Amino acid sequence: MQPQALNFRLCFYMSFLFLGLGVQLPFLPLWLADRGLSTPGIAAVLSGQIIIRTFGAPLGTFLADRYGRPILLIRLGAFLCAASYFLLSFMTGFTNIFLVAVLASVFLSPVGPIAENFAIVESARMGLDYGRQRLWASVSFILGTLISGFALEWLDTSKAVLLIAVSYAALAAAGFVLPDRRRQKSKTEEAPAIVRPQDVLQLFRARSFVIFLVAVSLAQGSHALLYGFGSLHWEQLGHAKAMIGILWGIGVCAEVVFFFFSGRLIPPFAPISLIIAGCLAGVVRWTVTAFDPALWLLMPLQALHALTFALVHFGTLHFLMQNVPERLRNSAQGLYAACSAGLVMMLATALAGPLFDEFAGRAYLAMAAMSALAAGLAFQVRISPKAPEARDTSSSRQS
C-alpha cells in the first residue's frame, strides 16, 4: 500500500475513534438518571466502567499480540461494544444496567491502545506524521459531543444510549478501511513467536519500565480533579455555562493544534524529555489554577492541556515504540491505558472528591504535587541506562 493511501485510511479511522466517547461522557450519566438511578448508582456504574479498564485493556492488547491480528481485535471490540450499548437500551434496574455497561467497557477498553499502536508503528514504517492522524481522534470527540447535543434537543434522553451504540458501530465499520496485517516472522524464526503472559510480565523486570509507567500514569492522573470537578469549580467562581463550555473547548482545540505540529518534535527530542516537559507544565498549570485565577489567565491555562495531556501522551507512545519489542507493543500500550486511564485515574478521582469538598480550588495543589512527582520519576528514567526490555529475545524463547 502506498504511504499516502495508508495515511488517508488512518486519518479516516481516527476520525471515528473518539466519536462514541464524545457522546458517552456527557450523555450516559443523563441516560442513567432518566432510567431512575440515584446519584450513588450513577457513580457506581461510571466507576465500574473505569475500574474494568484496568483488566480489559491489558487482556485485549495481550490477545492482539498473541495472535498477531490487532485490526481484527479492534473491529470486533468496537462491534461488541456497540452491541452492548444497544442491549443496554433495553435494560432497567441497577444490577442489569451495571453489568451491561461494564461489559461494554470491557470490549471498548483495548480498542484505543491497539489502534494508536498500529497508527504510530505504521506511520514510522512508512514515513508518515502520526500527529496529523491523531488530531482527527480529538476532532471526533468534539463532533460526537456537538452532534449528540443537538440531536438530544430533538430526541428524548432515553435515546442517548442508542446514539452511543450507533457511534461505536460506525467505529467498527471504519475499522474495515485498515489493512489487517498479520505479524511477520523475523529472519531467525521459523514461525512468528507466540506471545505468552510471562513475556508481558517480563517487562516489569526492567526497573526503568516500571518507573516510566508510574510517571506517565501520575501525569495523566493529575487531570482527575479537572475532569471530575472542573466545571463545578468554574461555576462556583461565577463563570457562565457557555464560558465553561468554551474553556473545555480551548483545551481540546489546543490538543488538536499540538498534534498538527507534533511531527517536528521527533527525533529532535527524546520521548522521555517530552514527558518531563509535559509534567513540568502540569506543575505550573495546576499550581496557578489552585489560586482561582481570573478568566484572562484561566484561558491560557486551559491551553496548557496541549502539554499536560497531549505532549505526555505523544511522548509515551514514542517511548514505548522505541523501548519495547514490536511483538509486545500492544500489550505495553494496554498496560499504559490500564494504569493511567484505569487504576491511577480511579484512585486520583476518589482522592479529588474529598479534597475538593474540603479545599475547593486549592485541591489542585495535590494535582500539582502529582505532576511534580511524575517529572521526578521521568527524570530518573532519563538518566538511567537503556532499558533491557528494548531487546527482543523472542527467538531464544521459542518452545
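Bear in mind that the values in this text are calculations on the coordinates, not laboratory data. Just so it is clear, the structure is predicted and the values come from calculations on it, not from any experiment. FYI the Cβ positions are ideal-geometry reconstructions off the backbone, even for glycines, and counts take in every protein chain you see.
Calculate, for Asp156 and Tyr227, the FRET efficiency according to 1/(1 + (r/R0)^6) with r their C-beta to C-beta distance and R0 22 Å; round to the nearest 0.05. The partial results should precede the final answer.
On the way: r = 27 Å, r/R0 = 1.25.
According to the calculation, E is roughly 0.20.
Helix-only estimate, please: 222 nm mean residue ellipticity of the chain, summing -39500 (n - 2.57) across DSSP H runs of length 4 or more and dividing by its residues, to the nearest 500. Let's see the in-between values first.
Values: 18 runs with 289 residues, N = 399.
After summing the helix terms and dividing by residue count, I get -24000 deg cm²/dmol.
Based on the alpha-carbon gyration tensor of the range 321-389 and its eigenvalue square roots a ≥ b ≥ c, which shape applies: rounded if a/c is under 1.5, prolate if not and a/b is larger than b/c, or oblate? If you can, show how the numbers build up before the last one.
Values: a/c = 5.12, a/b = 1.86, b/c = 2.75.
In terms of gyration-tensor shape, oblate.
Students often get this wrong, so try it: which of (i) 5, 22, 30, 27, 14, 3, 0; (ii) 5, 22, 34, 27, 10, 2, 0; (iii) 5, 23, 32, 23, 11, 4, 1, 0 is P(r) over Cα pairs in 10 Å bins from 0, in percent as calculated from the structure shown?
Of the labelled values, this structure produces (ii).
Grab the beta carbon distance between Arg125 and Val210, set R0 = 35 Å, and tell me the FRET efficiency rounded to 0.05.
On the way: r = 28 Å, r/R0 = 0.81.
Computed FRET efficiency for Arg125 and Val210: 0.80.
On full extension of the chain, what length is gained from Arg382 through Arg196, given 0.36 nm per residue of separation minus the C-alpha to C-alpha distance?
Values: separation 186, 0.36 × 186 = 66.96 nm, distance 2.92 nm.
Once the chain is fully extended between Arg382 and Arg196, it gains 64.0 nm.
If the chain between Asp180 and Leu295 were fully stretched, how many nm would it gain, using 0.36 nm times the residue separation less the Cα-Cα distance? Don't skip to the answer; put the middle values down first.
Numbers: separation 115, 0.36 × 115 = 41.40 nm, distance 4.80 nm.
Extra length from Asp180 to Leu295 when fully extended: 36.6 nm.
How far, in nm, would the chain grow between Phe55 and Asp357 when pulled straight, counting 0.36 nm per residue and subtracting the alpha carbon separation? Can you show the working numbers first?
Working: separation 302, 0.36 × 302 = 108.72 nm, distance 3.03 nm.
Difference between extended and current length: 105.7 nm.
Given axes a ≥ b ≥ c from the Cα gyration tensor, I'd like to know whether the range 252-399 is rounded (a/c under 1.5), prolate (a/b larger than b/c) or oblate. Walk me through the intermediate numbers first.
Numbers: a/c = 2.40, a/b = 1.72, b/c = 1.40.
In terms of gyration-tensor shape, prolate.
Measuring from label point to label point, each 7 Å out along Cα→Cβ, what is the Ala5 to Ile246 span in nm?
Taking the two extended label points, one gets 4.7 nm.
When the Cα centres of the range 56-124 and the range 7-45 are compared, how far apart do they sit, in Å?
For the range 56-124 versus the range 7-45, the Cα centre distance is 14 Å.
From the square roots a ≥ b ≥ c of the eigenvalues of the alpha-carbon gyration tensor of the range 211-281, which class results: rounded (a/c under 1.5), prolate (a/b over b/c), or oblate?
On the way: a/c = 3.89, a/b = 1.67, b/c = 2.33.
Oblate.
Please report, in debye to the nearest 20, how large the charge dipole of the chain is about its Cα centre when each Lys and Arg carries +1 at its beta carbon and each Asp and Glu carries -1 there. It would help to have the intermediate numbers written out before the result.
Values: 28 positive and 19 negative charges, 254 e Å.
For this selection, approximately 1220 debye.
List the trypsin sites (Lys or Arg not before Pro) within the range 308-393 that fall in a DSSP loop (any state other than H, G, I, E or B) and whose Cβ has at most 11 other Cβ atoms within 10 Å.
Values: sites: Arg327, Arg329, Arg362, Arg382, Lys386, Arg391; in loops: Lys386, Arg391.
Counting only loop positions with at most 11 other Cβ atoms within 10 Å, the trypsin sites (Lys or Arg not before Pro) in the range 308-393 are Lys386, Arg391.
Net charge within 13 Å of Ala303 by Cβ-Cβ distance, Lys/Arg positive one each and Asp/Glu negative one each, not counting Ala303 itself? Walk me through the intermediate numbers first.
Working: positive: Arg285; negative: Glu255.
Charge balance near Ala303 sits at 0.
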